[in-house]
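Participant: Okay, here's the structure, questions in a sec.
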Amino acid sequence: MSDFGSILKDLRNKRGFSQEAFAKEIGVHVTNLSKYERNISVPSLEVAKRMAETLGVSLDRLAHGDNRAEATIDDSDLLNLFSKAQKLSDKQKETVKDFLSAFVLKADLAQKLAG
């Protein structure tokens, strides 16, 4: 968890939280949050879970920063939809994949024809 503090700070900033607002939201003192972000202190599992939930990321992403989708998808609404789609039935997932494939193919063709 050596990068925990920098990951936490980066995610907090990307979500538009000040230290004060985020600390209040997760129920810790801003001094403690500052220590977490500077890797001086490590939060309890309970606090880390609240952080992840508030930031809308997995605990694994918060702790390790190795969630590829979140690292490459900047649009939080799109990422949220993909996360929800993972909970669909296999048949529904295939429908979503087919739709996305067709949409992307159409967009690619339109771009090639325009340029």
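Each reported figure results from applying straightforward, stated rules to the coordinates on display, with no laboratory input. Please read these numbers as outputs of a predicted model, since none were measured by experiment. All Cβ positions, glycine included, derive from the backbone under ideal geometry; neighbour counts span all protein chains shown.
Participant: If you only keep lysine pairs separated by 8 or more in sequence, or across chains, how many in the chain come under 26 Å at the Cα atoms?
Facilitator: The result is 22.
Participant: Now for a separate question. Neighbour counts of other C-beta atoms within 10 Å: give me His64, His29 arranged from fewest to most.
Facilitator: His29, His64
Participant: With a sphere of radius 12 Å drawn around the Cβ of Ala48, what net charge do the other residues whose Cβ falls strictly inside it have (Lys, Arg +1; Asp, Glu -1)?
Facilitator: Charge balance near Ala48 sits at 0.
Participant: Work out the FRET efficiency for Leu59 and Phe103 from their Cβ-Cβ distance, taking R0 = 35 Å, and round it to the nearest 0.05.
Facilitator: For Leu59 and Phe103, the calculated efficiency is 0.65.
Participant: Here's another thing I want to ask about it. Report the FRET efficiency, 1/(1 + (r/R0)^6), for Ser18 and Asp75, where r is their Cβ-Cβ distance and R0 is 25 Å, rounded to 0.05.
Facilitator: 0.65
Participant: Here's a follow-up. Calculate the spin-label point distance for Ser6 paired with Lys93, positioning each point 7 Å from the Cα along the beta-carbon direction, and give it in nanometres.
Facilitator: 3.3
Participant: With a 10 Å cut-off between alpha carbons and a GNM built on the chain, which of Asp98, Asp60, Asp74 moves the most?
Facilitator: Asp98
Participant: Sorting Phe4, Phe103, Phe22, Phe82 on the 10 Å Cβ count, fewest up front, what's the list?
Facilitator: Phe103, Phe82, Phe4, Phe22
Participant: Rounded to the nearest 0.05, what FRET efficiency do Lys84 and Val42 give with R0 = 30 Å and r taken as the Cβ-Cβ distance? Could you check?
Facilitator: 0.45
Participant: A further question on this structure: With a/c under 1.5 counting as rounded, go ahead and sort the chain into rounded, prolate or oblate using the C-alpha gyration tensor (a ≥ b ≥ c being the square roots of the eigenvalues; past the cut-off, prolate if a/b is larger than b/c, else oblate).
Facilitator: Prolate.
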